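A short write-up of the structure that comes next.
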Amino acid sequence: MNSENYILLVVNPISGDSEKSTLIASVKTEAEKRKFNLKIYETCGEKDKESINSIIKEINPSRILVAGGDGTISMVAQCVLGTDICLGILPAGSANGIAVNFNLPQTLPEQIQIALSDCTMKVDALYINDRFCLHIADLGINAELIKNYESSGIRGKFGYFLQSFPTLFNSNSPFHFSIKTEEETFEETGILLAIANANKFGTGATINPKGKMNDGKFEILIFKSLDFIEIFKTIYDEPEMSPDFVRVISTSKAQISATKKVPFQIDGEFLGEINKATVFIEKEIILVAVPEHFCNLHFKK
């Protein structure tokens, strides 16, 4: 089959607690306009990755559009690692952290235009204890928040807000971490250790302003305390945060250990508690469609 004529749309029908028929219809209309053959796959929660890989072998698409949250986007990204298949993102989750980091617009028509555009970039991917990470992982209080959110039954950013105060009051933080890179070993105590290939959480908070998603490096950020003045600064794109609030370590490999088990999440998915993590980065192994201004402002040439 001629891959130039095929697009695969992967839809998570339950992500973000929103109905997807308008989104699917809009993609169909645009595909017909551009004379693409469109194949649609709706995730079901069982063997989705295997099913998507099978469809890729069958139709050899030039592009895969993903309508879902960070977990769905991350899953599909793993299916195109190291290939020339371009990933187009249609954010349809609760927080949409990956979309926030690519500066995707809020409206569906604009998102579809970008997802099908010729403006593409190759980005890095993290592996944490052999698990794939496209965006941000963390150990500590944010992972606790995600755990509480997932069990609450209330979706969207309002659900995160409702869980924020109980999480703060019931947290087992602070945690003591040891971080070993190829250069040296660090010891730090904090409420949150983030492993960031990107800049922002889905809330829009900029925790890693210096990070680039295609430089072969990731940042380990240890947030030492709950300083609301410093937290407020994260609403800006390039906050100047105090070293007394956060320590930043840039590296390509790291071994992280904690004195006790710590809540852990990757790309918005709670994965239990761990006390050890091995982290490394693979440079520029995923092709993603991004806004033109993002190419110009946020990536090295």
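The values are calculated or read from the model by the stated rules, or taken from the named source; none is laboratory data. If you're wondering where the values come from, they're calculated on a predicted model, not measured in any experiment. Counting neighbours? That spans all protein chains shown, and the Cβs are built from the backbone with ideal geometry, glycine included.
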- Search the range 36-58 for residues being of a type in the set (Ser, Thr, Tyr) and within 22 Å of ILE98 (Cα to Cα), and hand back the single one that is farthest from the chain's Cα centre (by Cα). TYR41
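Rundown of residues vs (1) within 18 Å of ALA198 (Cβ to Cβ); (2) over 19 Å from the mean Cα position of the chain (by Cα), yes/no style:
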position	(1), (2)
ASN5	no, yes
VAL11	no, no
THR29	no, yes
ARG34	no, yes
ASN60	no, yes
ASN101	yes, no
PRO105	yes, no
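Mind listing just one residue for me: the one in the range 1-22 that is part of a helix (DSSP H, G or I) and within 18 Å of MET75 (Cβ to Cβ) and, of those, modelled with the highest pLDDT?
SER15
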- Task: Could you list all residues from the range 252-269 that are in a strand (DSSP E or B) and either out of contact with any strand residue (DSSP E or B) (no Cβ under 7 Å at 6 or more places or on another chain) or modelled with pLDDT under 85 (or both)?
- Result: GLU269
- Members of the range 265-288 that are in contact with an Asp or Glu (Cβ under 9 Å, 6 or more places away or on another chain), of a type outside the set (Val, Ile, Thr) and surrounded by fewer than 17 Cβ atoms within 10 Å (Cβ to Cβ): GLU282, LYS283, GLU284
- Note on the structure: Within the range 38-95, the residues that are closer than 20 Å to LEU23 by Cβ, among the small types (Gly, Ala, Ser) and modelled with pLDDT under 95 are GLY45, GLY68, GLY69, GLY71, SER74, ALA92, GLY93, SER94, ALA95
- Task: Mind telling me which of the residues CYS44, CYS119, CYS86 ends up being in the same structural domain as PHE294 (by TED's automatic domain parsing), surrounded by fewer than 16 Cβ atoms within 10 Å (Cβ to Cβ) and under 23 Å from ASP215 (Cβ atoms)?
- Result: CYS119
- Message: If GLU240 meets every condition in (1) at pLDDT below 85; (2) in contact with a Ser or Thr (Cβ under 7 Å, 6 or more places away or on another chain); (3) acidic (Asp, Glu) apart from one, which number is that one?
- Response: (2)
- Which of (1) modelled with pLDDT of 95 or more; (2) buried (at least 23 other Cβ atoms within 10 Å of the Cβ) is the odd one out, the single condition GLY202 does not satisfy? (1)
- Note on the structure: The residue from ALA77, ALA92 that alone is under 18 Å from VAL123 (Cβ atoms) and either buried (at least 21 other Cβ atoms within 10 Å of the Cβ) or not assigned by TED's automatic domain parsing to the domain that holds ASN208 (or both) is ALA77
- Task: Tell me, please, whether a residue that is in a loop (DSSP other than H, G, I, E, B) and assigned by TED's automatic domain parsing to the domain that holds ASP215 can be found in the range 275-291.
- Result: no
